[in-house]
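Chemist: Here you go, one structure.
The values are calculated or read from the model by the stated rules, or taken from the named source; none is laboratory data. Note that this is a predicted model, so its numbers are computed, not measured. Cβ placement follows ideal geometry from the backbone for every residue including glycine, while neighbour counts extend to all protein chains displayed. Surface accessibility is based on the protein's heavy atoms, side chains included, excluding ligands, DNA and RNA. Shrake-Rupley method; radii C 1.70, N 1.55, O 1.52, S 1.80 Å.
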Amino acid sequence: MKLIRIAKGRWDVLAVVDPRDRCQVLDLLDGTSAGSCTARNFLSVLLQIYLPLEGPPTCNHQICKPLDGEIFELRGPRGLEPRVLFFDGDSHRIVCTSFAKVEVPRSEILASRELRAQYFETKSRSELLVIEEARRRD
């Protein structure tokens, strides 16, 4: 499994890279995906500054909502779209799987659960590949 580092502090914030070497979460932060500019900027600060220092805000349901116990969504202010899905990868790791433009479809939650299972399986084999993000974020 290939992951890209978005930020590192006390917590390591990573995002999944798909087989075509694309990362939905980086595309969102770069502004190449649809979504509210205000929400995108909020999520950028959350992923690059807040999460590396404080970890997932799982007790703040306005920003972070549990979807099925293992998968969570990060939301912009007042629930603005888009929303980033993630799971706690253990050892102070947050792994972002994808984003949804509006209400998160069940299929996206299931896909994130599969990525979580793949993450832990790959980690147990010591085959995780974490690459540093080369682009600078604003």
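Chemist: With a 1.4 Å probe and all protein chains left in place, how much accessible area per residue does the range 28-109 have, in Å²?
Modeler: For the range 28-109, the per-residue accessible area is 46 Å².
Chemist: Continuing with this model, one more query. Give, rounded to the nearest 20 debye, the magnitude of the charge dipole that the chain has about its Cα centre when Lys and Arg contribute +1 at Cβ and Asp and Glu contribute -1 at Cβ.
Modeler: That gives the chain a dipole magnitude of about 220 debye.
Chemist: Using a probe of 1.4 angstrom, how much of the accessible area of the chain is carbon and sulfur, in percent?
Modeler: Of all accessible area on the chain, carbon and sulfur atoms account for 50 percent.
Chemist: Further, regarding this structure: Name the trypsin sites (Lys or Arg not before Pro) in the range 57-138 that are in a loop by DSSP and that have at most 14 other C-beta atoms within 10 Å, would you?
Modeler: For trypsin sites (Lys or Arg not before Pro) across the range 57-138 that sit outside H, G, I, E and B with at most 14 neighbouring Cβ atoms in 10 Å, the list reads Lys101, Arg125, Arg135, Arg136, Arg137.
Chemist: Ok, one more. Given (1) 9, 32, 33, 21, 5; (2) 10, 27, 22, 20, 15, 6, 1; (3) 13, 48, 35, 4, 0, which label gives P(r) over Cα pairs in 10 Å bins from 0, in percent as computed from the coordinates?
Modeler: Checking each listed value against the structure points to (3).
Chemist: Quote to one decimal, in nm, the extra length available between Asp68 and Lys123 on full extension: 0.36 nm per residue of separation minus the C-alpha distance between them.
Modeler: 17.6 nm
Chemist: Accessible area of Thr58, 1.4 Å probe, to the nearest 10 Å²?
Modeler: 60 Å²
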